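Below is the structure I would like to discuss, written out as structure tokens.
Every number in this text was worked out from the coordinates using simple rules, so none of it is lab data. A quick note: this is a predicted structure, and the numbers were derived from the prediction, not measured. Backbone-built Cβ (ideal geometry, glycine too); neighbour counts: all protein chains shown.
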There are 2 protein chains.
Amino acid sequence: MPDTVTAFPTDHVAPAEVFAVPDPLAPALVPDTRRTPAEEARTLVAGTTVATLSTLSDDGHPWGSLVQYGLLDDGSPVLCVSTLAEHGRNLVRDQRASLVIGEADPVGDVLDSGRVTLAGVMRAPEGEELEAAKAAQLAANPTSGLYGGFGDFTYWVLAVDRVRWVGGYGRMDSCSAADYAAAEADPVAPHAAYAVRHLNEDHADALLLYAQKLAGFTDATEAACRRADRHGLDLWVTTPRGKGPARVGFPEPITAPDGLRAATVALVKMARGV
Amino acid sequence: MPDTVTAFPTDHVAPAEVFAVPDPLAPALVPDTRRTPAEEARTLVAGTTVATLSTLSDDGHPWGSLVQYGLLDDGSPVLCVSTLAEHGRNLVRDQRASLVIGEADPVGDVLDSGRVTLAGVMRAPEGEELEAAKAAQLAANPTSGLYGGFGDFTYWVLAVDRVRWVGGYGRMDSCSAADYAAAEADPVAPHAAYAVRHLNEDHADALLLYAQKLAGFTDATEAACRRADRHGLDLWVTTPRGKGPARVGFPEPITAPDGLRAATVALVKMARGV
């Protein structure tokens, strides 16, 4: 165990060839637009109601526990916890906390799935904010309508001041609390898992066309879809030069929850016209 | 927000009738055996490889993050984390940590599902323990065979000193670190979800017989199975006096992973003979 903390490395301490992936051979014909870290965070937070809360025990030890959260309009999480539970007593003593929220249904290697840490200080809401907090909890968990009224339960709102998003291997970033509060959850997220499965099962030809004609991987022999979002598709391409990621952005971000189908069909037309 | 921390309540501050459930009308004919909190904890920990880690940031703020863990024989969790990540830097500075591990596939209200918090201090294993830690991580995540060798990654073993199990509403307890280390994971746990579904879908008559003849709810009109374990079944019974939980223990704990079928069939014979 290191005795003293000096400088930490700023990149993986590993041979560069471990991370080598093929570059595109031609310029991409579609924009390389992606969700911002703030949009990634808001999308994850909107996708479930279950989080792990980190608080401080009376001896200063970090203490994790499962909680269910609701959301205020600005993405501030709302908890309703009992002082019969250690996390509830911890918050009364010390309001510093963080929440980890992961993908609702991760598939494959969980370290390659999305999660976000929201850190900040809890406050006990009052007046209108308390009413909004109760409504947010009720939407997340109808049972809170019962236990939320018990005298041992307290409503808390997390005033988020740090946001750290991890999307998977090599995909991670932070954003400001203001950007988080202002960002919108991706409206297509609830339909993305189905779209990815459908594209891979029934439209491998379209995916290969995207890679070859739109993403610049002219020598691609195979392409699978790994993720879909309002801004485009993440592909995983096979070429004679190796395998690696490719991005196919949509010309315009999708605004309708059911817009992925039309957007991917439009890409096929564009690719056939090249 | 309370300004000072005085005494916390020791029970829910709510009208007693909220928690009223019917009592059995006759003595139960089967033992009320259950998994110990240590067995509950070891069962949960054996059921997945994904946890949320709580550590301390450089300003003392509690910081949560997603990790994948392996297990040493005594149930000590093994992590392999990079100092490129905040949790990796936190652990080099301060080895106090906790892990929250939940049910692999919770169904229904997540607050009524199982989870455990393991708290303690991390140590960097050396020699034989380091080799065991690497093997444990590899079993949990084959990719660790690659990144585990990078210079920015450190293996850590959590020396567990606090164990807090929550099984759902009203089901929770703590156990000692020694009891946790000595306990065995329930061998039937991987088959329990299927067994519960099968009993509810195809054997409602048997469940009602258990409730009426074995659990003492002679006036039960309906019974559903909520959980199955090596020691018995948790039922939810409907009576003219209200609804509530009932326990039907097996005469002997099951030792074989596929033993639930034989044990539940034996209970039917016993109930018919009453």
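From the mean inverse distance of alpha carbon pairs (Kirkwood) and the Cα radius of gyration, derive Rg over Rh for the stretch A:138-195.
We get a ratio of 1.10 for the stretch A:138-195.
Measuring from a point 7 Å past the Cα of B:Leu146 along Cα-to-C-beta, which residues in the stretch A:160-201 have an amide N at less than 18 Å?
A:167-172, by backbone N distance to the label point.
A further question follows. So, R0 is 56 Å and r is the distance between the beta-carbons of B:Asp179 and A:Arg197; what FRET efficiency does that work out to, to 0.05?
Approximately 0.80, to the nearest 0.05.
Run through the other copies and list how far each one's label point is from that of B:Lys243, in nm with one decimal, shortest first; the point sits 7 Å from Cα along Cα-Cβ.
Here B:Lys243 shows inter-copy label distances of 4.8 nm.
Let me ask something additional. Give the distance, in whole Å, between the Cα centre of the stretch B:31-49 and the Cα centre of the stretch B:246-272.
18
When only alpha-carbon atoms count, how far does the stretch B:75-131 stretch along each of its three principal axes, as whole angstroms with the largest first?
Over the stretch B:75-131, Cα extents along the principal axes are 42, 27, 18 Å.
Shifting gears a bit: Tell me the distances, shortest first, between A:Thr36 and the same position across the other copies, using label points 7 Å along Cα→Cβ, in nm to one decimal.
When each copy's label point is compared with this one, the spacings are 5.4 nm.
Equivalent ellipsoid semi-axes for the protein assembly as shown, as square roots of 5 times the alpha carbon gyration tensor eigenvalues: give them largest first, rounded to whole Å.
Over the Cα atoms of the protein assembly as shown, the ellipsoid semi-axes are 42, 29, 26 Å.
Report the equivalent ellipsoid semi-axes for the stretch A:169-225 in whole Å, largest first, defined as the square roots of five times the eigenvalues of the gyration tensor built from alpha carbon atoms.
For the stretch A:169-225, the semi-axes come out at 30, 16, 10 Å.
Also: Under Stokes-Einstein, with the Kirkwood radius over Cα pairs standing in for Rh, what whole-number D in µm²/s applies to chain A at 25 °C and 0.890 mPa s?
118
Only counting other Cβ atoms within 10 Å, I'd like A:Asp94, A:Asp202 sorted with the fewest neighbours first.
With the fewest neighbours first, A:Asp94, A:Asp202 line up as A:Asp202, A:Asp94.
How far is A:Val274 from itself in the other copies, in nm, if each label sits 7 Å out from Cα along the Cα-Cβ line, shortest first?
Label-point distances to the other copies, shortest first: 7.1 nm.
Given R₀ = 51 Å, FRET efficiency for A:Asp23-B:Thr218 by Cβ-Cβ distance, to 0.05?
Plugging the Cβ-Cβ distance into 1/(1 + (r/R0)^6) gives 0.10.
Sticking with this one: Can you tell me the convex hull volume per residue for the stretch B:1-155, based on C-alpha atoms, in Å³ to the nearest whole number?
So the per-residue Cα hull volume is 196 Å³.
While we're on this one: What net charge do the residues around A:Asp229 carry, taking every other residue with its C-beta under 10 Å from that of A:Asp229, with Lys and Arg at +1 and Asp and Glu at -1?
So the surrounding residues net to 0.
Please work out whether the stretch A:115-274 counts as rounded, prolate or oblate from its C-alpha gyration tensor, where a ≥ b ≥ c are the square roots of the eigenvalues and a/c under 1.5 means rounded, while otherwise a/b larger than b/c means prolate and anything else oblate?
prolate
A follow-up question, please. Please list, or write none, the lysines whose alpha carbon is within less than 20 Å of the alpha carbon of A:Lys243, excluding same-chain residues fewer than 8 places away.
A:Lys213
Let me ask another. Need one word for the stretch A:1-67: rounded, prolate or oblate. Basis is the Cα gyration tensor (sqrt eigenvalues a ≥ b ≥ c); a/c below 1.5 gives rounded, then a/b vs b/c decides.
The shape class here is oblate.
Let me ask something else about it. Under a point spin-label approximation (7 Å from Cα along Cα-to-Cβ), what is the B:Arg123-A:Thr255 distance to one decimal in nm?
For B:Arg123 paired with A:Thr255, the spin-label model returns 6.1 nm.
Could you work out Rg/(2.2 N^0.38 Å) for the stretch B:191-267, with Rg from alpha carbons only?
It is 1.02.
How many angstrom lie between the C-alpha centres of the stretch A:186-221 and the stretch B:58-134?
36
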